[in-house]
Structures are given as structure tokens and as C-alpha cells.
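Trainee: Sharing a structure below in C-alpha cells format, with a few things to ask.
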Amino acid sequence: MVRDGYIYGLSLVAVAVVLAWVTGHWPWALAPLLLAAFFLWFFRDPQRTIPTTPGLIVSPGDGLVTETVSISTPAGPRQRISIFLSVFDVHVNRCPIGGVLTEVRYKTGKYMNAMNPACAECNEQNAATVRGEGMEVTFKQIAGLLARRIVFNPREGDRLERGQRVGLIKFGSRVDVIFPAEAELRVKPGQRVKGGESVLAAMPVRELSGVGGPDSGANQSESPRGGR
């Protein structure tokens, strides 16, 4: 359970007790109790089995894969996978690869529906770039229609492990993962994935001996070149 779940849930339980005591009628406590149950469920944080094979890129969140697309960046081609998180999904976010957190960029923005492709550029978001395992991967926490707070705990320079918890997005949202063009896709649109456990893509074995340079461009602006 994420700490926020206890804060919201127990606070609403207290409200329910006070309402029942003041009014003398327990039905007045029903609404806050239902809200408490929702928050305790929403902020759940289940254990996950993290794959250990080198070169794998795992999902940073639970949800539905809505897009796999090749994109162009100033440094060359990349791939992007978009995952939609509904209010029914686990919202704890995890690091897609092991490595060093080289950059964190937060940007204010709109709160468009997370299913809208335009939200990748227009919405409030936090982009984190990790370099390790022979590649550089950027993952974005993107606010959705209901999301109003993005939480990201690590700092630039921190060493992160694959599948490590790094934060969450409160309520409906989206996560994007941008990674090298040569990686082999392991998912397709319409597939459901689990954070830290589901493999999104894998680097070819021959690529694992080299580490992406600082200008690899996974965290640069991108433009779609076509779906996959």
C-alpha cells in the first residue's frame, strides 16, 4: 500500500465514524466508507516478479498498450510505446531498465484525456532518462483527464534497478517509454501489461556490450514516423 492510501482511507473512516456518531444513523457513514475503500484499493502496491535477463525493457506501469510507433529525434530513430492507466489500474510507476538516472524534466501542461495521442506533448508530464544495460531509455509520466499530481522520488545521478518503484500518478494517466530503434518489440496495441513485470522490448545481444552516449536522443523532442 502506498502511504497516500492510508492517509486518505483512514481519514475517511474517521469522517464516517464522526458522521454516524453525530447523526445517530449509520447510513450517513456509508458514502465516506465507500470512498475510503476506493482509496485503499486505488493506492495498492502489489509485489512483482522482475525479469533478470540482460537487455530487457519492462513496463513502467500497469495498463493498456495503446500505441507502438517509430519516431524521429534529432539524434536518429527511436521507438515509443504508450500505456494508458485507468482508475482501475495500479498507479505505482517503476523503472524500465537498470542504470543511472541522467535527467529528470518536469513540464506543466494541460489535462487532456490520456487516450488522446496529443497529450504526449501537451499534458503535464515528468520525463526521466536512464542510461544503462547498453542503452538509454526515457519514460514519461503523463497526467490525464483526472490526474492532478505526478510523484517522482529519485534524483538525477541516482542508480536505479530495473523494476524499482520510482513514483506514481494520482488517478487516470498515461506512461510513454522511448527506447532505441533496434530493440525488438514484445507487445502490441490492445495488450495489457504489468509494471516492472511485463517485458515491452528487448535489445539485440550484440548491442548489450555498448552504452548509449549522451547524445542518443531518447529524451529529445520526437515526431511520429508511423505506427507499428
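Trainee: Among the residues in region 107-115, are any in a loop (DSSP other than H, G, I, E, B) and β-branched (Val, Ile, Thr)? Reasoning before the result, please.
Mentor: From region 107-115, those in a loop (DSSP other than H, G, I, E, B) are 108-109, 111-115; that's our starting set.
Keeping just the survivors that are β-branched (Val, Ile, Thr) gives 108.
Looking for residues that are in a loop (DSSP other than H, G, I, E, B) and β-branched (Val, Ile, Thr), one finds at least one in region 107-115, hence yes.
Trainee: Only one of Glu133, Glu184, Glu161 is at pLDDT below 95, open to solvent by 10 Å² or more (accessible area, probe 1.4 Å) and charged (D, E, K, R); which? Steps first, please.
Mentor: Details: Glu184 fails: at pLDDT below 95; Glu161 fails: at pLDDT below 95.
When all the criteria are applied, what remains is Glu133.
Trainee: Right, something else. Among the residues of region 28-66, write down those that are under 21 Å from Glu182 (Cα atoms), β-branched (Val, Ile, Thr) and within 19 Å of the chain's Cα centre (by Cα).
Mentor: Step one: filter region 28-66 for residues under 21 Å from Glu182 (Cα atoms), giving 51-60, 65-66.
Checking the rest, the ones that are also β-branched (Val, Ile, Thr) come to 52-53, 57-58, 65-66.
Passing the criteria: Ile57, Val58, Val65, Thr66.
Trainee: Given Gly157, Gly163, Gly195, which one is of a type in the set (Gly, Ala, Ser) and more than 12 Å from the chain's Cα centre (by Cα)? Outline the logic, then answer.
Mentor: Working: Gly163 fails: more than 12 Å from the chain's Cα centre (by Cα); Gly195 fails: more than 12 Å from the chain's Cα centre (by Cα).
The unique qualifying residue is Gly157.
Trainee: A follow-up question, please. Show the residue pairs that are 6+ apart or on different chains and have beta-carbon atoms under 6 Å apart, the first residue being within region 141-163 and closer than 17 Å to Ile83 by Cβ, the second being of a type in the set (Lys, Arg) and at pLDDT 90 or above.
Mentor: Partner pairs satisfying both residue conditions: Gly163/Arg94.
The values are calculated or read from the model by the stated rules, or taken from the named source; none is laboratory data. Predicted model only: the values in this text are computed from it and were never measured. All Cβ positions, even for glycine, are placed from backbone atoms using ideal geometry, and neighbour counts span all protein chains on display. These accessible areas exclude ligands, DNA and RNA; they are computed on the full protein's heavy atoms, side chains included. Shrake-Rupley method; radii C 1.70, N 1.55, O 1.52, S 1.80 Å.
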